[in-house]
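All remarks here apply to the structure that follows.
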Amino acid sequence: MPYKHVIAPTKGIKTDKAPTVIPKEYTPYCKGVYMRNGEVRSDYGYTQFPTRSATQTNKLAGKVMMLDQFYVLSGLAWLIGITTSNVYTYNEASSTWDCITPGVTVDDCESVWSASLDVVTSADGTYKLKGTYSAKSEIADAFGTGLASYHDIASIDLSGYTSLHFWIRSSVDTSAGDLQVVLDDTSGSVSPLESLDVPALIAGEWTAVCVNFVTPSALTAIISVGLNVVTDLGAMDVYLDDLRAVNTLTGDVDNRFSAALMNDTYIFTNGIDQPKKITAVGSVLTVEDLSTTLASGSIASSELVFSFRDHLFLMNNIENSASCPQRVSWTNVGSIEDWTEGTAGYQDLVDDASWIVAVEELSANEFVVYKERSIIIGVWVGGATPFRFRSMVTGTGALTKDSVMNVGGEHICLGPDVIFSYKGGTDTDALDDNIKRTLYADLNQAYALRSFLVYVEEDDELQVWIPTTDEYPDDVWCINMVDENWYRRIKTMTGFGYYQRQSSLTIGQLQGSIGEQDWRIGSALTKAYAPITLLGSPSGEVFYMDKFTLNNDGSAITNVFDTPDFELPSSEEFMDNFMRVPLLSYEAIGQSVTTLWSDDGGVSWNPTEGKGMNVQSLEGVYHTYQQYFDVVCKKIRFRFMNSDESSGFKMRSYAVEFNARSRR
């Protein structure tokens with residue numbers, strides 16, 4: 001009987017031709033899988049960073065936009081997390097996040113608060129986020145509503161700040177507004193000037209909260225903070241830690257960040273706020289405005305920051321209330337804040353009308369400025385005017401500031417209508433011929449500027465994150481840069497970054513019990529300098545890509561791989577209109593796989609081997625499995641899938657038996 005054998009069906013997605021004519025090693029559709037070493041594999045997932053516990057949380061305030069490592073020449077390094085509203089650093093000693101948004105401490109929660117009737121307060125050392133203690137309020141069922149606890153503090157002027165940032169944990173689920181943190185210029189918080197609603201909380205989890213002041217100008221002499229219960233939720237414990245008045249960032253998820261390192265300073269900008277800088281004194285980080293004073297006026301905001309040849313660059317600026325979207329400004333050599341003296345200067349790139357979008361280093365003396373519809377190379381030439389610019393490519397450019405990735409002497413760029421490689425010169429090379437039609441058709445143009453690229457160097461994998469059915473990037477098109485095959489992952493995120501732990505984790509550094517640890521012996525998360533890819537969610541959570549899990553934060557990942565459509569050969573022997581297909585055979589390993597067939601191009605699906613018998617339990621070594629059924633059709637394709645928690649498959653070959661219908 002005729003068979004069609006397909007070995008290593010891992011050439012990737014191909015949608016530029018009909019599924020009946022593409023080579024059988026390709027797939028017309030897959031999602032939640034990746035391809036390595038001749039295998040189709042269920043996607044691995046992501047895990048909380050760090051795992052939420054009594055003293056740790058991965059929940060930040062705002063949508064996570066950027067995760068990056070700040071290195072100084074002394075060898076120290078810090079992981080920086082930036083959300084739409086706040087700036088954080090990951091504290092390796094305590095394995096959790098600290099808020100470093102510019103501000104002032106209102107209450108460090110190291111002391112016992114004063115309690116109302118039916119409330120017991122304490123300084124709790126078991127559940128705490130920063131320092132030694134948190135402020136615990138143990139609220140009895142008889143309490144009801146009202147001011148549960150308060151703490152009188154030394155008078156502090158908060159009128160120059162926009163918001164209150166704090167960490168909070170509740171023993172019960174709450175809805176938005178059930179609890180409030182209050183600020184008062186009267187002892188005992190008896191007449192609050194601000195009653196700040198706490199958003200919904202999940203029981204037993206620390207959450208970062210940042211609430212804007214209603215009338216900050218009234219907060220000139222705050223002497224008391226308090227916890228107010230608005231809704232009677234019965235008996236509950238509430239923990240507060242590290243109350244800080246802060247000046248938050250003001251952008252939203254459309255305002256992606258750009259960052260650079262120079263002179264032991266981390267500089268970042270979002271195109272909305274004044275560019276910022278982070279400096280270190282010992283182990284203490286400080287966030288301040290970057291000085292951008294010009295000969296007349298100043299730079300108020302910039303879309304891009306970039307360091308090159310001992311100069312700091314700001315691009316696509318607002319200067320003196322005027323928009324300068326084609327401007328490249330640079331500092332005096334060796335300085336990050338001298339924009340007027342020596343070799344400081346600027347140039348407007350007016351080769352076309354499009355705006356500057358992205359920038360990336362190309363070589364020791366060259367960098368590339370990507371505009372919306374052109375590509376320009378900047379060359380360092382030295383002297384009083386140290387940079388020259390040449391227009392190299394017209395008609396294409398970058399989609400967003402995070403849509404260009406340097407993968408080692410080569411730039412990969414997500415453009416408005418093509419994904420391409422650029423190595424310098426006047427030509428680009430398209431990388432998306434196989435999938436372009438589908439990717440750009442799925443791209444949600446209303447939110448296209450939220451797209452970004454991630455490069456997982458150890459896997460030679462470039463990830464193209466685009467929004468499709470969601471307002472946030474939810475479809476991850478991946479290409480292996482060595483094998484040049486495309487596949488898709490399923491995750492929804494707003495930001496990304498990379499992290500290298502500066503020292504290996506020891507038993508003495510563990511937070512919590514051994515049973516609370518989520519890592520595995522030998523995992524990258526515990527090793528010094530092992531690369532870790534981080535992801536940030538629209539709900540403010542930080543995760544790491546975890547090759548040891550088949551779940552996304554505990555939730556199942558749906559894995560789908562479709563074969564092309566099979567038809568009878570066109571030779572005279574098989575000139576029947578229909579064929580009979582009695583068998584699907586495949587080699588697989590893992591936990592479980594479900595197989596289906598379709599004779600209408602994937603519009604509808606039917607189980608192989610009868611309903612309910614197409615779910616095959618797999619083993620820890622490769623076996624050949626066979627599904628017997630009987631279908632008469634003109635064409636047929638098959639689907640391999642899994643949608644169970646902690647379950648997946650690897651498949652390295654399959655075969656289809658077919659006969660002309662007349663041969664019964």
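Computed extension gain for Thr286 through Ala18, at 0.36 nm per residue and net of the alpha carbon distance, reaches 90.8 nm.
Centre-to-centre separation between the Cα atoms of region 366-394 and those of region 293-309: 17 Å.
In the chain, the portion of solvent-accessible area held by carbon and sulfur atoms comes to 48 percent [1.4 Å probe, whole percent, DNA, RNA and ligands not counted].
Relative intensity of region 226-350 on a log10 scale, I(q)/I(0) at q = 0.12 Å⁻¹, equals -0.53, per a Debye sum over C-alpha point scatterers of equal strength in the absence of solvent. With contacts taken as Cα pairs under 8 Å and at least 6 residues apart, region 86-226 reaches a relative contact order of 22 percent.
From helices alone, the chain scores -500 deg cm²/dmol at 222 nm; the rule is -39500 (n - 2.57) for each run of n ≥ 4 DSSP H residues, then divide by the residue total. Among Ser111, Val560, Phe367, which residue has its Cα furthest toward the positive end of the charge dipole of the chain, with +1 on Lys/Arg Cβ and -1 on Asp/Glu Cβ? With unit charges placed on the Cβ atoms, the residue in question is Val560. Once both labels are positioned 7 Å from their Cα atoms along Cα-to-Cβ, the gap between Ser646 and Ala154 label points is 5.2 nm.
Region 199-284: D in µm²/s via Stokes-Einstein (Kirkwood Rh, Cα pairs, 10 °C, 1.306 mPa s)?
92 µm²/s
Listed options for semi-axes √(5λ) of the Cα gyration tensor in Å are (1) 49, 36, 20; (2) 50, 28, 25; (3) 46, 29, 22. The value calculated from this structure is the one marked (1). Positive contributions from Lys and Arg (+1) and negative ones from Asp and Glu (-1), summed over other residues with Cβ under 14 Å from the Cβ of Arg327, come out at -3. So what's the gap between the Cα centers of region 169-244 and region 70-113, to the nearest angstrom? Using only Cα atoms, the two centres lie 21 Å from each other.
Here the calculated FRET efficiency for Glu110 and Ala530, from their Cβ-Cβ distance with R0 = 30 Å, stands at 0.30, rounded to the nearest 0.05.
Charged neighbours of Pro102, selected by a Cβ distance under 12 Å, balance to 0 (K, R count +1; D, E count -1). Size descriptors for region 15-81: radius of gyration and Dmax over Cα atoms are 20.7, 60 Å.
All other residues whose Cβ lies under 10 angstrom from that of Ser170 are scored, Lys and Arg at +1 and Asp and Glu at -1, for a net of -3. Of the listed residues His311, His623, the order by accessible area with a 1.4 Å probe, largest first, is His623, His311. Only Cα pairs under 8 Å and at least 6 apart count here; give the relative contact order of region 34-99 as a rounded whole percent. RCO, region 34-99: 24 percent.
Sort 28-35, 120-127 for me by packing, meaning the mean count of neighbouring Cβ atoms within 10 Å per residue, highest on top.
Order by mean packing, descending: 28-35, 120-127.
About its Cα centre, the chain has a charge dipole of approximately 2040 debye under the convention of +1 per Lys or Arg Cβ and -1 per Asp or Glu Cβ, with nothing else charged.
Please calculate how many Å² of accessible area the chain carries per residue, with a 1.4 Å probe and no DNA, RNA or ligand atoms counted.
39 Å²
At q = 0.11 Å⁻¹ the log10 of I(q)/I(0) for region 292-439 amounts to -0.41, computed by Debye summation with a single uniform scatterer per C-alpha, solvent ignored. In terms of its alpha-carbon gyration tensor, region 397-470 comes out prolate; a/c meets the 1.5 threshold, and the first ratio a/b outweighs b/c. Computed extension length for Thr340-Glu587: 82.2 nm, one decimal, from 0.36 nm per residue of separation with the Cα-Cα distance subtracted.
Entry note, the chain: relative contact order of 16 percent, from Cα contacts under 8 Å with a spacing of 6+ residues.
log10 I(q)/I(0), Debye, Cα-only region 79-219, no solvent, q = 0.10 Å⁻¹? Ignoring solvent entirely, the Cα scatterers give -0.35.
The values are calculated or read from the model by the stated rules, or taken from the named source; none is laboratory data. Computed from a predicted model, the values in this text were never measured in an experiment. As a convention, Cβ positions derive from the backbone with ideal geometry for all residues, glycine included, and neighbour counts pool all protein chains shown. What goes into the accessible areas is simple: the full protein's heavy atoms, side chains included, and nothing from ligands, DNA or RNA. Shrake-Rupley method; radii C 1.70, N 1.55, O 1.52, S 1.80 Å.
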